[in-house]
Every structure is written in structure tokens, then in C-alpha cells.
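To start, the structure under review is shown below, and the notes come after it.
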Amino acid sequence: MKISGNTVFIPGGTSGIGLGLALRLQAAGNTVVVAGRRAALLDEIVRDHPGIESIVLDTTDPEAVVAVSREVQRRWPETNVVVAMAGIMLPEDVTTAAFVETAEATVTTNLLGPIRLLAAWTEHLQARPAAAFVTVSSGLASVPLPLTPTYNATKAAIHSLSEGIRVQFADTSVQIVELVPPAVQTTLLGQQDDPSAMPLDEYLDETMLLLESQPDAHEILVERVGFLRHAEAEGRYADVLALLSGRH
């Protein structure tokens with residue numbers, strides 16, 4: 001993925017990693033359109049960050065995904081990068097049946113959302129040069145956090161999805177890039193003050209450096225995610241799982 005000269009659409013770009021990445025990409029010389037559910041928040045972002053564009057989108061609404069994607073393609077036809085950033089991470093207690101509501105919401109947002117975005121953008125991106133569809137998985141795709149079983153499962157599915165669609169897009173202009181964050185200090189699961197989580201600016205710094213230095217990379221793996229991503233291959237899976245189980 002080239003680091004500048006793109007027009008980038010980021011559903012889920014209103015906070016945390018999504019907003020941080022949007023601002024870094026804008027600073028690198030890209031036109032950036034962020035999307036989210038709350039119009040007031042989008043207005044605030046546009047006001048505070050001149051040059052950022054915005055549009056309202058709830059990625060859990062399949063009709064909205066299609067309609068808003070078409071609107072973005074009409075207003076910003078040069079869009080060549082889509083970052084499927086929108087996601088939720090909620091604790092679940094699977095010993096009671098009530099967890100299923102959270103599980104269904106997690107699957108709808110974290111897995112169906114990116115799949116629906118891909119469907120809405122696949123033909124447009126293939127018509128653009130140097131295009132990219134960026135997925136967002138997690139280090140927890142490799143070793144699960146017991147507190148969030150469905151979140152882990154959706155991120156493992158995103159990793160598998162990324163691997164599969166990359167093969168199908170191999171002979172097109174579309175690159176599939178998978179971001180694999182570790183725990184980062186954002187409001188996701190209330191980690192903004194967690195000293196064991198990676199500071200957001202450090203994550204963004206390293207991610208942008210990797211994107212720039214490895215334009216053909218399939219995955220963007222910051223150093224801090226290695227203990228999760230490589231745990232099984234290095235024979236540390238049980239130890240890392242036990243460590244994560246301590247957060248249950």
C-alpha cells in the first residue's frame with residue numbers, strides 16, 4: 001500500500017486507532033473521509049481537523065453500507081483505499097444465556113460489517129490503480145482473551161478472511177492489508193489507562209513506519225503484538241493464554 005496520494009475511506013474512523021490513523025494518513029498526504037454513526041461527533045472532527053471529510057454510516061445496517069458506499073464513490077470517485085475499522089469489544093459471560101445478544105452484535109459489527117463493505121467496494125476498487133482494502137484483526141485472533149470470546153472469534157475470522165480474499169485479488173489492482181493491533185490504550189474495553197496496553201501514539205508511529213517501509217506487506221505487525229501472534233509457533237501458547245486468563 002502506498003503511503004500518500006490516496007483517497008481513503010475509514011468507516012469507524014471517529015475515535016481510537018481509527019481516528020488516529022485517519023489523521024496520520026491525512027498528514028502523510030492523503031485525502032481522508034471518516035465515517036461513523038454520530039453526526040455530532042463527525043462535525044466535531046471536521047471542525048477540529050481541517051481537510052478531513054466525513055459521512056454518517058452505521059456499518060451494522062446493510063442497506064446503509066450500500067447506500068453510503070455509493071455516495072462516497074459518487075462524491076469522492078478517486079477513493080482507492082478502504083479501511084474497515086469499525087468494531088466493538090464487549091465482555092461476555094457465557095455461563096448465562098443472556099450473552100448471546102452481545103455475541104450477535106459483535107458478529108454483526110466486527111465480521112458482517114467488513115464483509116458488507118467489501119461487497120460494496122470490490123468492483124469500484126478493482127477499477128482504481130494502487131487500491132487497497134485494509135482489514136483490522138487483533139493479536140487476540142491468535143491467543144484469545146477469555147473475557148471476550150466472540151470478539152476473539154470475529155478477529156480470527158477476519159484474519160482468515162484476509163488470507164482468502166488476498167488470493168482472489170492477486171491478479172487485480174487491489175492489495176489486502178491486515179492490521180493486527182495488540183492491546184492499545186483506547187476506550188475499547190476501557191483500556192485507555194491500562195499500563196499494559198501500548199500507548200496509542202506509539203502504535204500509530206510504528207504502524208505508519210511499517211506501512212511506509214513495507215509497501216507490499218500483507219500484515220502490519222508491530223513489535224508489541226509478537227508475543228500473541230507467535231505464541232503457538234514459539235511453544236508459548238499455554239503460558240500466554242494463562243496470562244490473558246488472569247484478566248478474566
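The values are calculated or read from the model by the stated rules, or taken from the named source; none is laboratory data. Remember, it's a predicted structure, so these values are computed and weren't measured experimentally. So basically every Cβ, Gly included, is an ideal-geometry build from the backbone, and we count neighbours across all protein chains shown. Ligands, DNA and RNA are stripped out before the accessible areas are found, and what is left, the full protein with its side chains, is counted by its heavy atoms. Shrake-Rupley method; radii C 1.70, N 1.55, O 1.52, S 1.80 Å.
Here are a few things to note about the model shown:
- For the stretch 131-174, filtering for residues that are more than 19 Å from Gly113 (Cα to Cα) and open to solvent by 30 Å² or more (accessible area, probe 1.4 Å) leaves 10.
- Unique residue being open to solvent by 20 Å² or more (accessible area, probe 1.4 Å) and modelled with pLDDT of 95 or more when the list is Leu188, Leu200, Leu179, Leu204: Leu200
- Residue in the stretch 96-117 that is under 25 Å from Leu221 (Cβ atoms), part of a loop (DSSP other than H, G, I, E, B) and at pLDDT 95 or above present: no
- Residue check, Thr102 open to solvent by less than 30 Å² (accessible area, probe 1.4 Å) and either over 21 Å from Lys2 (Cβ atoms) or of a type outside the set (Lys, Arg) (or both): no
- Complete set of residues in the stretch 216-248 that are open to solvent by 60 Å² or more (accessible area, probe 1.4 Å), outside any loop (DSSP other than H, G, I, E, B) and of a type outside the set (Lys, Arg): Glu223, Phe227, Tyr237, Ala238, Asp239, Ala242, Leu243
- Qualifying positions in the stretch 123-148 - assigned to a helix (DSSP H, G or I) and hydrophobic (A, V, I, L, M, F, W, C): Leu125, Leu140, Ala141
- The residue that is nearest to Arg229 (Cα to Cα), counting only those in the stretch 154-170 that are in a helix (DSSP H, G or I), over 15 Å from the mean Cα position of the chain (by Cα) and not charged (D, E, K, R), is Gly164.
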